[in-house]
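Written out below as C-alpha cells is the structure these notes cover.
The values are calculated or read from the model by the stated rules, or taken from the named source; none is laboratory data. Only a predicted model underlies this, so the values are computations on that prediction, with no experimental measurement involved. Here the Cβ positions follow ideal geometry from the backbone for every residue, glycine too, while neighbour counts run over all protein chains shown.
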Amino acid sequence: MAEASFESEQYRLRAATPMPVSGGDFKLHTFMGELSRIVNYMCTENLPSSSEFRGQGGDLMSASFNRLAIENGKVFSGKKVYSPTYIEERD
C-alpha cells in the first residue's frame with residue numbers, strides 16, 4: 001500500500017501572563033515563538049519507534065495514530081509533531 005501524507009506547520013507564541021499597566025490596560029510580554037513541523041498521514045503501515053522521540057535520540061515531540069477499519073488491520077492514520085525551532089514572532 002502506498003503511503004499518503006502531507007506536511008504543515010504549527011506556530012505557537014510564547015508569552016507571559018498579561019501585566020496591568022497604568023490606565024487600566026494590560027501589556028503582553030512575549031519571548032519568541034515556536035514553529036513545529038507536523039506530518040499528517042492519511043494512511044500508513046509504518047508507526048514511529050520509541051527511538052524517534054525526544055529523549056530517546058530522535059526529534060519527535062508527539063505522535064498519534066489510529067487504526068483504520070481495513071480488513072488486514074495494519075493501516076493507520078495520524079500525525080507526527082517534531083521538536084519546535086524558536087523563531088521571532090511573525091506579523
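Can you pull out the residues in the stretch 75-91 that are surrounded by 12 or more Cβ atoms within 10 Å (Cβ to Cβ), over 16 Å from the mean Cα position of the chain (by Cα) and either free of Cβ contacts under 8 Å to residues at least 40 places away in the same chain or within 24 Å of TYR11 (Cα to Cα) (or both)?
Listed by number, the residues that qualify are PHE76, GLU89.
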Exercise. Before we move on, is GLY57 farther than 21 Å from ALA4 by Cβ, in contact with a helix residue (DSSP H, G or I) (Cβ under 7 Å, 6 or more places away or on another chain) and of a type outside the set (Asp, Glu)?
Worked result: yes
For this session: Tell me the strands (runs of 3 or more DSSP E) entirely within the chain that contain at least 2 residues that are at pLDDT 95 or above.
Result: 4-15, 30-44, 60-67, 76-82
Seminar exercise, completed: When (1) out of contact with any Leu (no Cβ under 8 Å at 6 or more places or on another chain); (2) without any contact (Cβ under 8 Å) to a residue 60 or more places away in the chain are applied to LEU13, the one that fails is (2)
Problem set entry | Residue within the stretch 35-55 that is touching a residue at least 40 places away in the same chain (Cβ under 8 Å) and on the phi > 0 side of the Ramachandran plot present | no
For this session: Residue by residue through the stretch 1-45, note down the ones that are acidic (Asp, Glu) and surrounded by fewer than 13 Cβ atoms within 10 Å (Cβ to Cβ).
Result: GLU3, GLU7, GLU9, ASP25, GLU45
Exercise. For the stretch 56-74, how many residues are touching a residue at least 24 places away in the same chain (Cβ under 8 Å), over 30 Å from ARG14 (Cα atoms) and acidic (Asp, Glu)?
Worked result: 0
